[in-house]
Amino acid sequence: MTSPIDIEGGGTSVVVDGEPGPPAKAETVQLEGRSPGRLMWMRFKRDRTGVISACVVIFFFLIGLLAPLISKLYGKDPYTVYADERPELFDSAGVPVQPNGGISGEFWFGLEPGNGYDVFTKLLFGIRTSLMISLAVTVTVVLTGILLGVAAGYLGGRTDFVIGRVIDFLLAFPAQLFFIASMPVVVSLFVSPRDETPTYVRVLALIIVQWFLGWMSLARILRGTSLALREREFIEAARVSGASSWRIIRKEILPNVVTPLLVQATYLLPSFVTAEAGLSFLGVGIVEPTPDWGQMFSKASTELVMQNDITYMFFPGISMIIFIVAFNLLGDSVRDAFDPKTAR
């Protein structure tokens, strides 16, 4: 006769003819805890659109970062004026003789009408210039938004009032018109109008101008989040324990504003890319011979190019569309990964 009996440790022993048999193996299940960051990463990996968009964005940053190396391997640079060095490639109007803008095995994306720059390397370095400027603007905007937004939301009182009124005042500015009008003014602060403006001055001016009217929306979002957080029990417990305001902001507030911060940053960078390209297109941003995305659009809009080489617009145009769409989709995926209740 056999019957199971419980033994210490959660297992069972089988009794055979009144004698206890060997204890059965106890099955134990070990539960593994998952942090919010790991849960977010798991949800993001399941989003195929987000993963593909992230790969596209990383690809653009890589080709921008590796543009000098790619140019060296390709054997050309974006500064050589092939209209002077190899005039046989162009007709009397400065248009490439070969069809489709001179696209060939030697010049992969063809030659630019007029000066005859290599389009492939100019696009690579143009992407590099635009992304470097936009990334610098995004970093400065995020830092300013964190500093002023969190300070206004947590400290409240007069600090909140002053920062809030500054935000309201700056939001009343027409951003695009301000960018166009202020660029020459900012440049003149560094260089006399009679002197030629160095490229680094134009880059610095673009960063300053876009930062000046770019941080308010992020600061307002972080202010609202901080206002809600400062009334929570764990913040009150930190105050009662004697923690300073700086420690509470650093240890309690900042970790809880990471979600809106990352989501907004993924939307800010592509908007700064288009703004920088727009300024260069209008002639108040980066100018030749420095390659730039917007400058290529400006060149493509000239009568010489539009009438003789419509393919020149294709490469900068399609690359910017792909980048902006991929970054916006990435922002949607990051938002959904942080907040699974959000329905796209």
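The values are calculated or read from the model by the stated rules, or taken from the named source; none is laboratory data. Computed from a predicted structure; not experimentally measured. Glycine also receives a Cβ, built like all others from the backbone with ideal geometry; neighbour counts cover every protein chain displayed. All accessible areas refer to the heavy atoms of the entire protein, side chains included, with ligands and DNA or RNA removed. Shrake-Rupley method; radii C 1.70, N 1.55, O 1.52, S 1.80 Å.
The mean accessible area for residues of the chain, using a 1.4 Å probe and ignoring ligands and nucleic acids, is 55 Å² per residue. In whole angstrom, note down how far apart the Cα centers of segment 200-235 and segment 297-329 are. The distance from the Cα centre of segment 200-235 to that of segment 297-329 comes to 32 Å. Multiplying the residue separation of A181 and V97 by 0.36 nm and removing their Cα-Cα distance gives an extension gain of 26.2 nm. Charging the Cβ of each Asp and Glu at -1 and of each Lys and Arg at +1, and nothing else, the dipole of the chain about its Cα centre rounds to 1060 debye. Principal-axis analysis of the Cα atoms of the chain puts helix 119-145 at an angle of about 50° to the longest axis. Principal-axis analysis of the Cα atoms of the chain puts helix 48-65 at an angle of about 50° to the longest axis. Near the amide H of F90, within less than 5 Å, lie the amide hydrogens of V97, all on another chain or at least 5 residues away, with H placed in the peptide plane. Straightening the chain between Y200 and R247 buys 13.1 nm, computed as 0.36 nm per residue apart minus the Cα-Cα spacing. The heavy atoms of D47 present about 30 square angstrom of accessible area, all protein chains included, probe 1.4 Å. Put a dot 7 Å past the Cα of L73, heading toward its Cβ, do the same for V325, and the two dots end up 2.7 nm apart. Take the Cα of L62, go 7 Å toward its beta carbon, and none of the backbone nitrogen atoms of segment 305-335 fall under 15 Å from that spot.
This model, with +1 at the C-beta of Lys and Arg and -1 at the C-beta of Asp and Glu, gives segment 118-237 a dipole about its Cα centre of some 80 debye.
Sites listed here are trypsin sites (Lys or Arg not before Pro) in segment 144-207 whose DSSP assignment is loop and whose Cβ has at most 10 other Cβ atoms within 10 Å: R194.
Note on the chain: Lys pairs 8 or more places apart or on different chains, Cα atoms under 18 Å apart, count 4. Counted residue by residue at 0.36 nm each, then reduced by the alpha carbon distance between them, the extension gain from R46 to L170 reaches 40.6 nm. Using Cβ point charges alone (K and R +1, D and E -1), the dipole size of segment 243-344 about the Cα centre works out to roughly 640 debye. Note on the chain: dipole from Cβ charges, positive end direction compared against T138, T259, P113; the farthest Cα belongs to T259. Summarised as an ellipsoid, segment 126-271 has semi-axes of 35, 16, 13 Å, derived from the eigenvalues of the Cα gyration tensor scaled by 5 and square-rooted, with the largest first.
Can you figure out the FRET efficiency of T302 with F190, using R₀ = 30 Å and their beta-carbon distance, to the nearest 0.05? Between T302 and F190 the formula returns 0.55. Compared with the dominant principal axis of the Cα atoms in the chain, helix 36-46 is inclined by about 60°. Between M132 and V240, the C-beta separation translates, for a Förster distance of 45 Å, into a calculated FRET efficiency of about 0.45. The fraction of accessible area contributed by carbon and sulfur in segment 74-122 is 52 percent, rounded to a whole number (1.4 Å probe; ligands and nucleic acids excluded).
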